[in-house]
Amino acid sequence: MPDVTDHLILIKGVALGVLVVLFLAERLLPSVPGTFRWPRLVRNLAFWAGNSLLSLAVVVPVTVFAARHGLGWRPEWWSGLPGLGLDLLLLDCWIYGWHRLNHVIPFLWRFHQVHHRDQALDVSTSVRFHPGEVLLSALVRAGVIVLFGMPLESVLIFEALVLMAAAFQHSNLRLAPWLERGLSRVIVTPGIHWVHHHDRRAETDSNYATILSVWDRLFASASPTQRTPAMTLGVEGEPELPLGRLAVLPFRKGSD
Ligand SMILES: [Zn+2]
């Protein structure tokens, strides 16, 4: 499948470029200075490396299969640019719902909490996910792709947008207050998403949106809390763990 490979390389290349630029920018202009630690970076990048392999081995083939076996009920008008726009909206709404379920269903939280155990935030947090969560997410998303008969292009473009949006909202980049305020009306900014990582469960269970910020307002999950530099991050009452213990955390008794 040369087409898919070409698209994937382009998308991953663009997303990686944005991640690197943001990573450098947050070092030069940090919102919360002095949080950089090598062991933490290595831990987060290890998850990224593992998930990149998993993506090539399982996520991409599952997604390609789903896109080729979509239910064929889409009307004629649901194509081209308007169709792409609608697909992106649907996928962004789906990922909002899926993220919320990851907090509500104890089995899913076992995996998702690995992302939340990070006690600092920067671009590297945006690639720190347990492979189990990546796998489950890909399988559920495949169902959405089949149901709506989505073309692979829509899914690949959405994936690129999610990667870049996640890097931005987790970043430790200092933004001018007027810019952050303006952007937050449309997309999820660090100011919104850092509250989701506040180590207070009531805050952790809010602000679930990934690209557009409207979903939290629409489904009444937006937190009124404003981010502050002193805000402590992580999972309430739970410590950060070494890589090996994070990897087995979902399978340990009582981790939900
Ligand atoms: Zn979360």
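The values are calculated or read from the model by the stated rules, or taken from the named source; none is laboratory data. Bear in mind that the values here come from a model prediction, so they are computed numbers and not experimental data. With ideal geometry, Cβ positions are generated from the backbone for all residues, glycine too; neighbour counts draw on all protein chains shown. SASA here: full protein model, heavy atoms, side chains in, ligands and nucleic acids out. Shrake-Rupley method; radii C 1.70, N 1.55, O 1.52, S 1.80 Å.
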- Note on the structure: Checked segment 221-251 for anything hydrophobic (A, V, I, L, M, F, W, C) and either away from the ligand (no atom under 15 Å from the Cβ) or touching a residue at least 40 places away in the same chain (Cβ under 8 Å) (or both); matches are Ala230, Met231, Leu233, Val235, Leu241, Leu243, Leu246, Ala247, Val248, Leu249, Phe251
- Selection count where residues are over 15 Å from the mean Cα position of the chain (by Cα) and within 11 Å of the ligand (Cβ to nearest atom), scope segment 206-220: 0
- Residue selected from segment 59-89 under the condition aliphatic (A, V, I, L, M) and farther than 19 Å from Met164 by Cβ, by the criterion surrounded by the fewest Cβ atoms within 10 Å (Cβ to Cβ): Leu81
- Message: Condition first: open to solvent by 60 Å² or more (accessible area, probe 1.4 Å) and assigned to a helix (DSSP H, G or I). Now tell me which residues in segment 25-51 satisfy that.
- Response: Arg27, Leu28, Trp38, Pro39, Val42, Leu45, Trp48
- Residue within segment 58-80 that is part of a helix (DSSP H, G or I) and under 17 Å from Val235 (Cβ atoms) present: no
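Do we have His112 as closer than 29 Å to Glu238 by Cα, open to solvent by less than 20 Å² (accessible area, probe 1.4 Å), touching a Pro at 6+ places or on another chain (Cβ under 7 Å) and within 15 Å of the ligand (Cβ to nearest atom) here? Walk me through how you get there before you give the answer.
Working: closer than 29 Å to Glu238 by Cα: yes; open to solvent by less than 20 Å² (accessible area, probe 1.4 Å): yes; touching a Pro at 6+ places or on another chain (Cβ under 7 Å): no; within 15 Å of the ligand (Cβ to nearest atom): yes.
No, not satisfied.
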- Message: Tell me yes or no: at least one residue of segment 136-147 is charged (D, E, K, R) and at pLDDT 95 or above.
- Response: yes
- Item | Matching residues, segment 121-143, being surrounded by fewer than 19 Cβ atoms within 10 Å (Cβ to Cβ), away from the ligand (no atom under 16 Å from the Cβ) and more than 14 Å from the chain's Cα centre (by Cα) | Leu139, Gly143
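Given the residues Leu19, Leu10, which is the only one that is part of a helix (DSSP H, G or I) and surrounded by fewer than 16 Cβ atoms within 10 Å (Cβ to Cβ)?
Answer to the check: Leu10.
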- Item | Residue count for segment 98-109, restricted to those that are free of Cβ contacts under 8 Å to residues at least 60 places away in the same chain and away from the ligand (no atom under 12 Å from the Cβ) | 1
